[in-house]
Amino acid sequence: MELTIFILRLAIYILTLPMYLLNFLGLWSWICKKWFPYFLVRFTVIYNEQMASKKRELFSNLQEFAGPSGKLSLLEVGCGTGANFKFYPPGCRVTCIDPNPNFEKFLIKSIAENRHLQFERFVVAAGENMHQVADGSVDVVVCTLVLCSVKNQERILREVCRVLRPGGAFYFMEHVAAERSTWNYFWQQVLDPAWHLLFDGCKLTRESWKALERASFSKLKLQHIQAPLSWELVRPHIYGYAVK
């Protein structure tokens, strides 16, 4: 099986050689950062349509974590185009963090379409280093389709715990590796190196639930599902929330 995966990966390397050459020259990351927001605008429309019921279920109790003022302070890490905004409760104060500054103009459009929210600011930063956000300053952190592409899952989860107030919650929805005995997992392994480059660092084979289980949360509510998505490779999902 490993030999078959190696041969198929080699064939894909050959077919996508121009992409790897651009990456070697240091140009691919710049191209991807420019292109990816336009792809994500289209992808998130489809994703939200197919995952709407799961997102509504996931975010249904967000308001329970509001602070004494009654207003929910929410930090979204890897905010992208603001695809989650419509699922947040009215009056929610939202701060967004993303390492790609090219998302800002798409965020402005999403803010204009979601007047029920109170937008605070957009910070250009990686989730592993959110030093612009003070310790214990937010009620909720949200992270969807982000843990698949961060460089260090443990570090970003430590940062999440740092910025959350005691009793605050971390909400997540992520595609993950399929069960190892399945054909889906086989093809995830074959395509992962090329997928990683094409989709701005996204990894198909991450077992993100393990990092969540190791993190220092007092409570973890996590479910594994087969998401009702068109792309079978990303159907294996986890979603839920963790309390600090």
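The values are calculated or read from the model by the stated rules, or taken from the named source; none is laboratory data. Remember, predicted model here, so these are calculated numbers, not experimental data. Reconstructed Cβ throughout: ideal geometry from the backbone, glycine too, with neighbour counts over all protein chains shown. Each accessible area value is taken on the protein alone, full model and side chains, heavy atoms only, with ligands, DNA and RNA left out. Shrake-Rupley method; radii C 1.70, N 1.55, O 1.52, S 1.80 Å.
Tell me, which residue of segment 208-236 that is polar (S, T, N, Q) and free of Cβ contacts under 8 Å to residues at least 40 places away in the same chain is surrounded by the fewest Cβ atoms within 10 Å (Cβ to Cβ)?
So the first thing to find is which residues in segment 208-236 are polar (S, T, N, Q), and the list is 208, 216, 218, 223, 226, 230.
Filter again for free of Cβ contacts under 8 Å to residues at least 40 places away in the same chain, leaving 218, 223, 226.
Values: Ser218: 9, Gln223: 12, Gln226: 11.
Looking at the filtered set, the residue picked out is Ser218.
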Filter segment 118-134 down to residues that are open to solvent by 30 Å² or more (accessible area, probe 1.4 Å) and either touching a residue at least 40 places away in the same chain (Cβ under 8 Å) or in contact with a strand residue (DSSP E or B) (Cβ under 9 Å, 6 or more places away or on another chain) (or both), then give me how many there are.
-> 8
Scan segment 82-93 and give yes if some residue there is open to solvent by less than 10 Å² (accessible area, probe 1.4 Å) and of a type in the set (A, V, I, L, M), otherwise no.
-> no
What single numbered condition from (1) touching a residue at least 60 places away in the same chain (Cβ under 8 Å); (2) in contact with a Cys (Cβ under 7 Å, 6 or more places away or on another chain) fails to hold for Val163?
-> (2)
Checking Leu191 against (1) open to solvent by 10 Å² or more (accessible area, probe 1.4 Å); (2) free of Cβ contacts under 8 Å to residues at least 60 places away in the same chain; (3) within 30 Å of Leu27 (Cα to Cα); (4) over 16 Å from the mean Cα position of the chain (by Cα), the condition it does not meet | (2)
What single numbered condition from (1) closer than 23 Å to Gln223 by Cβ; (2) touching a residue at least 60 places away in the same chain (Cβ under 8 Å); (3) open to solvent by less than 30 Å² (accessible area, probe 1.4 Å); (4) assigned to a helix (DSSP H, G or I) fails to hold for Ala52?
-> (2)
